[in-house]
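Below is one structure, written out as structure tokens; the observations come after it.
The values are calculated or read from the model by the stated rules, or taken from the named source; none is laboratory data. In this text the structure is predicted, and so the values were computed from the model without any measurement. Using ideal geometry, Cβ is built from the backbone for each residue, glycine included, and neighbour counts are taken over all protein chains shown. Accessible surface is based on the protein model in full, side chains and every heavy atom, while ligands, DNA and RNA are left aside. Shrake-Rupley method; radii C 1.70, N 1.55, O 1.52, S 1.80 Å.
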Amino acid sequence: MDLQLNRPTWTRQIEFTLAGIGCAVGLGNIWRFPYLCYRSGGGAFLVPYLLMLVVLGIPLLYMELTVGQYMRRGPVHALANVCPLLKGVGMASVAISFIMCTYYNVVITWALYYLFSSFQAPLPWQNCNNTWNTPHCTAHATNSSYSGRNQTGSQNYRRVLRWDLFLILLLAWILIYLCIFKGVKSTGKVVYFTAVFPYVILIALLVNNTQLPGALNGITFFIVPEWDKLLSVEVWVNAAAQIFNSIGIGFGSLLAMSSYNAFNNNVLKDTLTISIINSLTSILAGFVIFSAFGYMSHLQGIPVSELAVDGPGLVYVVYPQAFANMPVAQLWAVMFFFMLLCLGLDSEFAMVEVMVTSLMDEFYQHLFKFFKRKELFVLAVCGVAFFLGIPCVMQVGIYVFQLMDHYTAIVSIMFLAFFEVIAICWSYGAKRLSDNLEEMTGKRANIFFRICWIIVVLLVFSIIQFKPARYENYVFPSWAQGVGWVIALTSIIWIPLGAIHTLWVLPGSFMQVTYIYLVSPHEDTVGTTHKIPVISIWCISLTETETVHHTTCTG
């Protein structure tokens, strides 16, 4: 069965656009962007952020969507077709997405937990009269309460997460399954709501926050730059990393979803829509957050710049504490945590879809023979991910979560992205990618994108950096860092393994195979429709359209 010809497509193209927006727009827009902006001097961060969007984010997203749509395959087969020597890049992206989906759903679990708790009056974290409050709990936010011994009610409440999260984690996976078990046909319908609703909440929160005392001071801090901050290399690195992680380059999610596009779909339109809306969402969230910062600085009687703000704490500490001091606190809390649920679901859809798409591409006949129906296979994937995520809801779950996130979403993804750009932009070649675009849409990539594709590998390499994992002020010990590297290796190890397998099955010396597949440009199939060979994970079986450099692997 030719999966390329029989591959399902989105019912309407707008469904892919909404799914792409939902995949790109996530919790990172709500807390990571405002946190980096705050730490980098407010408005000064917007300068490198927008520059990196133009020269890094948009070209790389354009590259991934083009490859996915042209190959009509998930990341494993698409990257294998692009560069056999680096076919492990696609396998690594699948591994990263699966690891991430096991612990990322815990964020949805927390959102559900807080959502259910928000229907109480007063809010559980609104005072310190609960049995689980520590002796140092304070009902009024102060600067020391975010960094010293005293803790606010919202900080205490974050630490009370218990075994009942296990049941909510199960509920979260049930929600995920019900949304995706029919593939793009069901996911395409769900994203109409999950991709749009968060904007309704953000706008409502912004309207409310701007009416609070002190809000204008926070907004001023957000839009008025501290220009001396631009002299710091860290600010530029943070801007590049935020663009990279926010759009989701290298995770394989958008590449997998674009493989269900119509062959002649306008890739550039989707690229610009997804990337620009993603960044505008971050900026909108910035106005919402900094208006809340201004309100909190008014309550504490200190300047906005002196607030002690921790990145992840924005979602489950600072926001709840701000709601506790707002009129109709329950209403705003319910709306906010439901918005987090929608944002989390969109991102989770994409990560699970990467695993499902890749395995269906590779083992379709075997899986169909065993599971009989795709719905049962999706259920099995969700079930395995559910059990692997259980450690994240135990007593020390937040530390497990932080360790996995650091070594997957930061360490692994940077290595993966570097090799993905090498495979597509350098080995496959900007010219050939542009030829593929012309075949699909009738238009070649303009000179700007081709230049960016060539030099972008240097930008990706420049943002690869390592810092030990930490949670708040706690730095993980050496043995935990070792566990983190094992987690990282479970994904990036596929890159060298894939290269070793290619070198093993192809004839010729090491230098010959390396030159053919990594150094010299591929020009033998340019301009032909769907003549790029389908390369198996375990065996490279190439078609007769290839040159004498290629061989057929049997057995």
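Numbers at a glance
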| quantity | calculated |
| --- | --- |
| Check on Trp10, modelled with pLDDT under 80, of a type in the set (A, V, I, L, M, F, W, C) and either touching a strand residue (DSSP E or B) at 6+ places or on another chain (Cβ under 8 Å) or buried (at least 21 other Cβ atoms within 10 Å of the Cβ) (or both) | no |
| Residues that are among the aromatic types (Phe, Trp, Tyr) and free of Cβ contacts under 8 Å to residues at least 40 places away in the same chain, drawn from region 367-414 | Phe368, Phe370, Phe371, Phe377, Phe387 |
| Pick from region 226-247, criterion among the small types (Gly, Ala, Ser) and open to solvent by 10 Å² or more (accessible area, probe 1.4 Å), ranking: farthest from Met351 (Cα to Cα) | Ser232 |
| Qualifying residue in region 239-259 (condition: without any contact (Cβ under 8 Å) to a residue 60 or more places away in the chain and not in a helix (DSSP H, G or I)) | no |
| Hits in region 382-403 (condition: open to solvent by less than 30 Å² (accessible area, probe 1.4 Å), of a type outside the set (Phe, Trp, Tyr) and under 22 Å from Phe251 (Cα atoms)) | Cys382, Gly383, Ala385, Gly389, Cys392, Leu403 |
| Verdict on Val328 being open to solvent by less than 10 Å² (accessible area, probe 1.4 Å) and β-branched (Val, Ile, Thr) | no |
| Qualifying residues in region 106-127 (those that are assigned to a loop (DSSP other than H, G, I, E, B) and free of Cβ contacts under 8 Å to residues at least 60 places away in the same chain) - the one surrounded by the fewest Cβ atoms within 10 Å (Cβ to Cβ) | Asn127 |
| Any hit, region 50-73, residues being over 21 Å from the mean Cα position of the chain (by Cα), part of a helix (DSSP H, G or I) and either over 30 Å from Leu506 (Cβ atoms) or not aliphatic (A, V, I, L, M) (or both) | yes |
| Only listed residue being at pLDDT below 75 and open to solvent by 10 Å² or more (accessible area, probe 1.4 Å), chosen from Leu314, Leu379, Leu307 | Leu307 |
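Listed here are the residues, each with its yes/no results for (1) modelled with pLDDT under 85; (2) surrounded by fewer than 24 Cβ atoms within 10 Å (Cβ to Cβ); (3) in contact with a Ser or Thr (Cβ under 8 Å, 6 or more places away or on another chain).
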| position | (1), (2), (3) |
| --- | --- |
| Leu36 | yes, yes, no |
| Ala44 | yes, yes, no |
| Val54 | no, yes, no |
| Gly57 | no, no, yes |
| Met63 | no, no, no |
| Gly68 | no, no, yes |
| Leu79 | no, no, yes |
| Val89 | no, no, no |
